[in-house]
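Here's the structure we're looking at; comments come further down.
The values are calculated or read from the model by the stated rules, or taken from the named source; none is laboratory data. All of these numbers come straight from a predicted model, not from anything done at the bench. As a convention, Cβ positions derive from the backbone with ideal geometry for all residues, glycine included, and neighbour counts pool all protein chains shown.
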Amino acid sequence: MHRRGFLAAGMATALLGSRALAQMKMDDMPAPMPGMDMGGHAGHDMSAMSRGPAPVLPEGEALRELPLLASEAGQPGLFKATLTAKPAATRFVEGKDTPILAYNGMSPGPLIEAYEGEQIEITFANRLGGEESTIHWHGLPVPADQDGNPMDPVAAGADRVYAFTLPEGSAGSYWYHPHPHGRTAEQVYRGLAGAFVVKAKADPIPAAYGDTVLMFTDLRLTADGSMPENTMTDLMNGRVGDHLLVNGQKNPRMAVATGEKRRLRLYNATNARFLRLAFDGAAMTVIGTDGGLLEKPMATGEILLSPAERVELVVAFDSPGPAVLRTLDYDRGWMGPGRPADAGLALLTADVSETPAAAMPPLPALLRPVAPLSAPSLTRRFVFTETMAMNATGMEMGFLINGKAFDMGRIDIVARAGETELWEIVNQADMDHPFHVHGTQFQVIEHERDGKVSKPPYLAWKDTVNVARGETVRLLLRQDRPGPRMYHCHILEHEQLGMMGIVDVRA
Ligand code: C2O
Ligand code: CU
Ligand code: CU
């Protein structure tokens, strides 16, 4: 991507009320806008979506579990495999091939399941044809030079090995996706993302509950079955699709018996959709977050999962009939017209049979200790802002941290390995921004909005946290390994347009 003229000199004088300007421009914008340079997709046709009837996706197929990536190591303690990123075709709609980008031919990519203490060696084969890429191990505590940073691209046609060890205590729900400079958003929405589950050697959750990954993605198809490029609205709000999918399927069904309990790992792998979820007809208990189990299970009526967040649940199906995992309304601060309908989308339907399940072992009252991080040695402040400016070539948007757009050649902050820091993420913008840091898991201490401070309901390991518009989130964080780490908004279009920085961790 070339941010030509982005944040040009004239910008400081051209700042306007961002929401007002965005609305004005969106309302009377011709499609396409001539001469627009919005992150490399200049001049694409915004009207393509309205041509022909919107494709209808089949619903109600049996839920597919994600296929496992097999280890070729043939020895305990080592997980060795290859992930090949390559264009592929799939059928979301009867009779229409959709070109996608796939890992090992599938999207979502194969599920990586490995154990704490294991050594991982994954060869990444970039067969995207003309595009560089990387694999980033979202949430995992891997060495900085193995983490698929944009500074370490893998050229088209090249292979590279990512090698790291999964530390003891790292069991949790992680994922992998590309992170090349300026192209992450597109490579992800075209299909490149997969789940990486680190299993505990001693797992307190009864095996009878199973362990199912539910990866949520968001698909937009044109009438011919292809995926259109990002529009202005997508760049501004992040790309939200027309079809919310679970493991690549629309509203799949799963069969359970009355009284059955299931362990479900929910992944928000969408570019930009906020998922406020409820399970009608079933009872949800949160048992874990991004970086693994909580100390104690926590019953809940609903969940907010912002882009890139994960939650681990035990769901109890106690009454026969359909139980539906569905979305509730959530206002994350949409700019311009076309706010997608958030509420009432069915993600997954469980058919709870009349037959009673075999007796299920109870969920233990204590899952594992979560030790609070030590007192911070310093406080850092990160202020999120959005800017909008007109210049000779059209409107340009900026998503900034502390007034700056991302620069791959710039280190924004220097931190000491092993020291706890207090990070204060201040959202002064008009949209929610899910904040993510590479290389470690943090603990959210408090949220503040309009002078009101609230504490999270439990102590948890997280790598992504939503910072709602007008909100400040305070978190404790410690990086244990040296090297450069990215921190950014996980609305991938915002990351692309500048809302990212680098912390260099030094020994
Ligand atoms: Cu999910 Cu910088 O990553
Ligand atoms: Cu990450
Ligand atoms: Cu954002």
Check every one of the strands (runs of 3 or more DSSP E) wholly within the range 334-411 and list those with 2 or more residues that are over 30 Å from Phe317 (Cα atoms) and in contact with a helix residue (DSSP H, G or I) (Cβ under 6 Å, 6 or more places away or on another chain). 378-391, 394-401
Asn104 passes all but one of (1) surrounded by 17 or more Cβ atoms within 10 Å (Cβ to Cβ); (2) on the phi < 0 side of the Ramachandran plot; which number fails? (2)
Is it the case that Met395 is within 21 Å of the chain's Cα centre (by Cα) and over 19 Å from Val503 (Cα atoms)? no
Which members of the range 334-353 meet the condition of being at pLDDT 95 or above and touching a Gly at 6+ places or on another chain (Cβ under 9 Å)? Thr349, Ala350, Asp351, Val352
For the range 282-290, does any single residue satisfy the condition of being more than 23 Å from Gly439 (Cβ to Cβ), of a type in the set (Gly, Ala, Ser) and surrounded by fewer than 17 Cβ atoms within 10 Å (Cβ to Cβ)? no
Quick check on the range 135-148: of everything there that is more than 10 Å from ligand 1 (Cβ to nearest atom) and of a type outside the set (A, V, I, L, M), which residue is farthest from Gly483 (Cα to Cα)? Pro141
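Restricting attention to strands (runs of 3 or more DSSP E) lying wholly within the range 43-148, give those where 2 or more residues are touching a Leu at 6+ places or on another chain (Cβ under 9 Å) and hydrophobic (A, V, I, L, M, F, W, C).
By residue number, 78-93, 96-103, 112-115, 119-126.
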Being within 16 Å of ligand 3 (Cβ to nearest atom) and at positive phi is the filter here, so list the residues in the range 453-487 that pass it. Gly470
Would you confirm, using the coordinates I've provided, whether Pro167 is part of a loop (DSSP other than H, G, I, E, B) and within 16 Å of ligand 1 (Cβ to nearest atom)? no
Residue identified as over 30 Å from Ala405 (Cα atoms), out of contact with any strand residue (DSSP E or B) (no Cβ under 7 Å at 6 or more places or on another chain) and in a helix (DSSP H, G or I) among Ala202, Ala208: Ala208
Here's a check for you: in the range 291-333, which residue that is part of a strand (DSSP E or B) and hydroxyl-bearing (Ser, Thr, Tyr) is farthest from ligand 3 (Cβ to nearest atom)? Thr300
Could you say which residue among Gly336, Gly418 is at positive phi and within 16 Å of ligand 3 (Cβ to nearest atom)? Gly336
Pair list, Cβ < 8 Å and 6+ apart or interchain, from the range 466-489 residues that are closer than 20 Å to Asn268 by Cα to residues that are small (Gly, Ala, Ser) and within 16 Å of ligand 2 (Cβ to nearest atom): Asn466/Ser306; Met486/Gly501; Tyr487/Gly501; His488/Gly501
Counting just the residues of the range 392-443 that are under 11 Å from Phe382 (Cβ atoms) and among the aromatic types (Phe, Trp, Tyr), which one comes out farthest from ligand 2 (Cβ to nearest atom)? Trp423
